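Trainee: Sharing a structure, written as structure tokens. Questions coming.
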Ligand code: MN
């Protein structure tokens, strides 16, 4: 680099710094400018020998993040200082104590929070989820941590071009998965849609460029259309002496792409490429009547679609969004969305949370639902026992786009996510009411707990003390509050089933004159290929393990352990491990024999039993899984991850029984049921776990869960059952 270029760089840094100060000026109080200057100098000094991948001096990054905080989010001095110093502790010699000494506790705390949310993580591991969870934990400390983090992410996305391709993909998928929804939830619409557009730019570069071209190409006719459309409205509003601006805003590239892909249509067919926005300059007390007057003017000229009126002026969204939306028919026969709002509402819509603060002093502001939401996030976080991945999933559920407004019997308003069920409503009222909910009355009519609520519904919850949450509830409960409570309850239930199971185990061992010591417990866990005693007791308690199997450990001789179990990551390491342990050279897993050497288990999706055609699949976290070739997941595993598939074969040693199911259909007659159960229990000495038989107008329909040794055993049984008079078919099913 030449002397001259270095000189230019320095000038540019100063220019950017001045720009930051200029925009911050209206917010600054006495002494603030000095603090910002100190932070800038410190940051510049700390990063002085560092350059970004693009080649520019590192200081440009913290400066840009601080500018985003000021210009695009509307934050003040504390955030500016934190943004300038956000990478200092992580990337340089500086310690958090140094920051605290220079800038006080508040800034130190924010930077500490930002440092903990590391950017470096292993994709696909739960590390990513753990990071996100940490970030949300800081919500309860100071929401500015998240806002500065979003600014940081936005600048990194804007400068993603100089990164290698794999990093671009990782960073942008993380952005679309977590950061864009989070920005949306915090009401930062402008940042949210820029993040989404940038995601598309890096993940689907060709489609992105194509849409940009088409938007540009259609600009002239679109502008003409907008001019014609707004002209009568403008005249009328002027006549009524409104102060206003009107914009014809194109929709974001991402939302157009989304529409094209989800509805499988071409760009030309996306009709709502833009929305008309009317922004009014009104004093607080005139906001609501003013918006409705303008609505009245618009609909004097254009026919509104009655189904598309959205009034977030009377009832703001819980992220603070206020606006009046209507969709009207234009003179050229296309629908056009018109958004009516005031300057204040517009600023809140664009800048979100920070703009709220600014207007908070003005008495007219409605209390934002954001604080309530932050409170709820905190509540979920306090349930420390959920895993990070589970947590992020639940959290994603709560980052809803659409909300509905429903009412209690006394007329109190509740806001819920768009696809909330009656049960969600019950949990919203109180977690105990949710846990006991058996149904609801919606607008006086009785409905089941999974009933999907609509805006305007009035809901009364029916409860019973006998009710208990079950696994199925998770299929239709969408609020984090409800899901967390249900999961807690299920864990409790598991514990109690496990304690029942433990008693059964103790009894069976006693009958066999065995003790429950760690040696016998190990034998049992080994036999059923389980990791923990809790899992084992639970499966016994639930009847998924046949208690009669327990006694069998008495006669079983434990094979000498050749070496500690090893996790293998691919077929090659499997071969190596087998060779070391047994001296054999093979690439096939022997089910039943290799258990001491390599952990593997039977896949829960297809319940293989000995004799089934199977393959081994090297999973990332849980060792090798045995799937049936006919498993519904087999195609995907075989096609996408061929290198992790291995041959597997049953060995005939097994006296262990496996759970499977049979469906029996035929014409009913007296004694039918007796014949079926007789064959199963006495003739072939099979244990049944459950039998359910329905008879409807002479048709016999049975479903039996039973323990068998292998496919041979099952086939013999099937043949015998098929020979029963009246039985039409016997089919195996996965339990
Ligand atoms: Mn950064």
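Where a number appears in this text, it was derived from the coordinates with a stated rule and is not lab data. Since the model is a prediction, treat every value here as computed from it, not as a measurement. No Cβ is skipped: glycine too gets one built from the backbone with ideal geometry, and neighbour counts run over all protein chains shown.
Trainee: I'd like to compare 191-198, 297-304, 236-243: which one has the highest average count of other Cβ atoms within 10 Å, and what's the full order after that?
Mentor: Averaged packing, sorted descending, gives the order 191-198, 297-304, 236-243.
Trainee: Pairwise over distinct Cα atoms, reciprocal of the mean inverse distance: report the Kirkwood radius of region 3-202 in Å, one decimal place. List each step's numbers first, then the result.
Mentor: Values: mean 1/r = 0.0578 Å⁻¹.
Hydrodynamic radius (Kirkwood, Cα pairs) of region 3-202 is 17.3 Å.
Trainee: Follow-up question, since we're still on this one. Binning every alpha carbon pair distance of region 462-558 at 5 Å from zero, what are the percents per bin?
Mentor: For region 462-558, the binned pair fractions read 2, 12, 20, 20, 13, 9, 9, 7, 5, 2, 0, 0 percent.
Trainee: Using the beta-carbon distance between residue 212 and residue 643 and R0 = 35 Å, what value does 1/(1 + (r/R0)^6) give for FRET efficiency, to the nearest 0.05?
Mentor: With a Förster radius of 35 Å, E is 0.40.
Trainee: Once both labels are modelled 7 Å past Cα along the beta-carbon direction, what's the residue 170-residue 54 spacing in nm?
Mentor: With each label placed 7 Å out from Cα toward Cβ, I get 2.1 nm.
Trainee: Related question: Give me the orientation-averaged projected area of the Cα convex hull of region 1-46, in nm², one decimal.
Mentor: About 3.6 nm², averaged over all directions.
Trainee: If you don't mind, another one. Compute the Cα gyration tensor for region 658-733, then decide on rounded, prolate or oblate, letting a ≥ b ≥ c be the square roots of its eigenvalues: rounded whenever a/c is under 1.5, prolate when a/b is larger than b/c in the other cases, and oblate in all that remain.
Mentor: Taking the square roots of the gyration eigenvalues as a ≥ b ≥ c, region 658-733 is prolate.
Trainee: Over region 571-650, consider all pairs of different Cα atoms and compute the Kirkwood hydrodynamic radius from their mean reciprocal separation; express it in Å, one decimal.
Mentor: Kirkwood radius, region 571-650: 12.7 Å.
Trainee: If you find the alpha carbon centre of region 157-213 and of region 587-625, how far apart are they in angstrom?
Mentor: 40
Trainee: Next question, about the same structure. Provide the gained length on full extension for the span residue 722 to residue 262, in nm with one decimal, where the gain is 0.36 nm per separating residue minus the Cα-Cα distance.
Mentor: Residue separation times 0.36 nm, minus the Cα-Cα distance, leaves 160.8 nm.
Trainee: Let me ask another. Could you please rank 732, 308, placing first whichever residue has the fewest other Cβ atoms within 10 Å of its Cβ?
Mentor: By the 10 Å Cβ count, ascending, the order reads 308, 732.
Trainee: With 10 angstrom as the radius, rank 1, 672, 345 by how many other C-beta atoms surround their C-beta, starting from the fewest.
Mentor: Taking fewest neighbouring Cβ atoms as first place, the list is 1, 672, 345.
Trainee: Here's another thing I want to ask about it. Mean separation of Cα pairs under 8 Å and 6+ residues apart, divided by the residue count of region 211-358: what relative contact order is that in percent?
Mentor: Result for region 211-358 is 22 percent.
Trainee: Stretch residue 203-residue 93 to full length: gain in nm at 0.36 nm per residue minus the Cα-Cα span?
Mentor: On the way: separation 110, 0.36 × 110 = 39.60 nm, distance 3.55 nm.
So the extension gain works out to 36.1 nm.
Trainee: A follow-up question, please. Just from its helices, what would the mean residue ellipticity at 222 nm be for the chain, if runs of 4 or more DSSP H residues each count -39500 (n - 2.57) and the sum is divided by every residue, rounded to the nearest 500 deg cm²/dmol?
Mentor: Rounded to the nearest 500, the figure is -14500 deg cm²/dmol.
Trainee: Could you list 410, 468 in order of exposure, starting from the residue whose Cβ has the fewest other Cβ atoms within 10 Å?
Mentor: Working: 410 7, 468 13.
Starting with the residue having the fewest Cβ neighbours, the order is 410, 468.
Trainee: If you stretched the chain out fully between residue 715 and residue 190, how much longer would it get, using 0.36 nm times the residue separation minus the C-alpha to C-alpha distance?
Mentor: Fully extending the segment from residue 715 to residue 190 adds 182.6 nm.
Trainee: To the nearest 0.05, how large is the calculated FRET efficiency for residue 490 and residue 622 if R₀ is 22 Å and r is the Cβ-Cβ distance? Walk me through the numbers before you get to the answer.
Mentor: Working: r = 21 Å, r/R0 = 0.93.
Efficiency for this residue pair is about 0.60.
Trainee: With an 8 Å cut-off on Cα pairs and a minimum separation of 6 or more residues, tell me the relative contact order of the chain in percent.
Mentor: About 6 percent, as a whole number.
Trainee: Next question. Sorted by mean Cβ packing within 10 Å, highest first, what order do the peptides 661-670, 215-224 take? Could you put the intermediate results ahead of the total?
Mentor: Details: 661-670: 16.0, 215-224: 12.0.
Ranking the peptides 661-670, 215-224 by packing returns 661-670, 215-224.
Trainee: In nm, to one decimal, how far is the residue 315 label point from the residue 629 one, both placed 7 Å along Cα→Cβ?
Mentor: Computed distance between label sites residue 315 and residue 629 equals 5.8 nm.
Trainee: Along each of the three principal axes of the Cα atoms of region 400-502, give the extent in whole Å, ordering the values from largest to smallest.
Mentor: 50, 29, 18
Trainee: So what are the three principal axis dimensions of the chain from its Cα atoms, in whole Å, longest to shortest?
Mentor: Principal extents (Cα only, largest first): 94, 69, 49 Å.
Trainee: If you don't mind, another one. What does the C-alpha gyration tensor say about the overall shape of region 211-358? Classify as rounded when a/c is under 1.5, otherwise prolate if a/b is larger than b/c, or oblate.
Mentor: Oblate shape, in that a/c is at least 1.5 and b/c is the bigger or equal ratio.
Trainee: A follow-up question, please. Could you calculate the FRET efficiency of residue 466 with residue 234 from 1/(1 + (r/R0)^6), where r is the beta carbon distance between them and R0 is 56 Å, rounded to 0.05? If you can, show how the numbers build up before the last one.
Mentor: On the way: r = 65 Å, r/R0 = 1.15.
Using R0 = 56 Å, I get an efficiency of 0.30.
Trainee: Can you pull the one-decimal nm distance between simple spin-label points at residue 521 and residue 100, each 7 Å off the Cα toward Cβ?
Mentor: That separation, rounded to one decimal, is 4.3 nm.
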